[in-house]
1. When every alpha-carbon pair in segment 109-155 is counted, what percent end up more than 17 Å apart?
2. For segment 83-89, just list the computed ³J(HN,Hα) in residue order, Karplus coefficients 6.51, -1.76 and 1.60, θ = phi - 60°, integers in Hz, with x standing in for Gly and Pro.
3. For the pair residue 78/residue 113, report the inter-label distance in nm, with labels modelled 7 Å from Cα in the Cβ direction.
4. Can you flag which of 97/156; 97/149; 58/166; 58/156; 58/123; 58/125 are past 24 Å Cα-Cα?
5. For segment 41-165, what is one quarter of the convex hull surface built on the Cα atoms, given in nm²?
6. Applying a 10 Å radius around every beta-carbon, put 87-99, 121-133, 153-165 in order of their mean neighbour count, most first.
7. Using 7 Å Cα-to-Cβ label points, what is the residue 98/residue 152 separation (nm, one decimal)?
8. In the neighborhood of residue 76, defined by Cβ-to-Cβ distances under 11 Å, what is the net charge if each Lys or Arg adds +1 and each Asp or Glu adds -1?
Amino acid sequence: MKRRIYLAFIGGVLMALAFVMVHAQQQRKKDDMNGMAGMSNDEMNKRGDQVMGFDHNKTTHHFRLLPQGGTIQITANAVDDTESRDQIRSHLGHITKMFAAGNFNAPMLIHEQTPPGVPVMQKLKSEIEYRFEETERGASMHISTRNGKALQAIHKFLRFQIKEHKTGDSLEV
């Protein structure tokens, strides 16, 4: 009985997420057709604030491509902003575990699409290592692999993040 309730609950959550994603994609298309494509970054940040649990205006993202993978680093802009720091640590710690399990729902919700590289990263999840590390004002996730296909996928994923978040980080390894 509990299993049925649990499965019904999960099914409901998945249906709600699918509805939200379809609605957001339709709205994005409308905005693009109405010449409002420039608003999409603000909208992405709003979705990111909801999914990640911290304010993008109070934090800075960096995505680095490295020979064995890369890093995602998020920091609170203000040294004394311990609330953002703690929210970053909580989010990135959780995301590290999700990614290791092949779950990339958070970036899919934030970006309203499956980021490039994700299908391969999911398929080769056992070939990829994710390591969480706290930093002075936030946290980092280190992503590494020895598998060439997984490495290409990681770099595609990180390049997408750099472009979407407009971080100005290098697109080169």
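1. Of the Cα pairs, 44 percent sit more than 17 Å apart.
2. Values, residue by residue: 5, 4, 4, 5, 5, 4, 4 Hz.
3. Roughly 3.6 nm, to one decimal.
4. The pairs that break the limit, which is 24 Å between Cα atoms, are 58/156; 58/123; 58/125.
5. 6.6
6. Output ranking for 87-99, 121-133, 153-165: 153-165, 87-99, 121-133.
7. In this crude label model, residue 98 to residue 152 measures out at 2.7 nm.
8. Taking every Cβ under 11 Å from that of residue 76, the sum is -2.
All of the numbers you see were taken from the coordinates with simple rules; none came from a lab. Computed from a predicted model, the values in this text were never measured in an experiment. In this analysis, Cβ positions are derived from the backbone assuming ideal geometry, glycine residues included, and neighbour counts consider all displayed protein chains.
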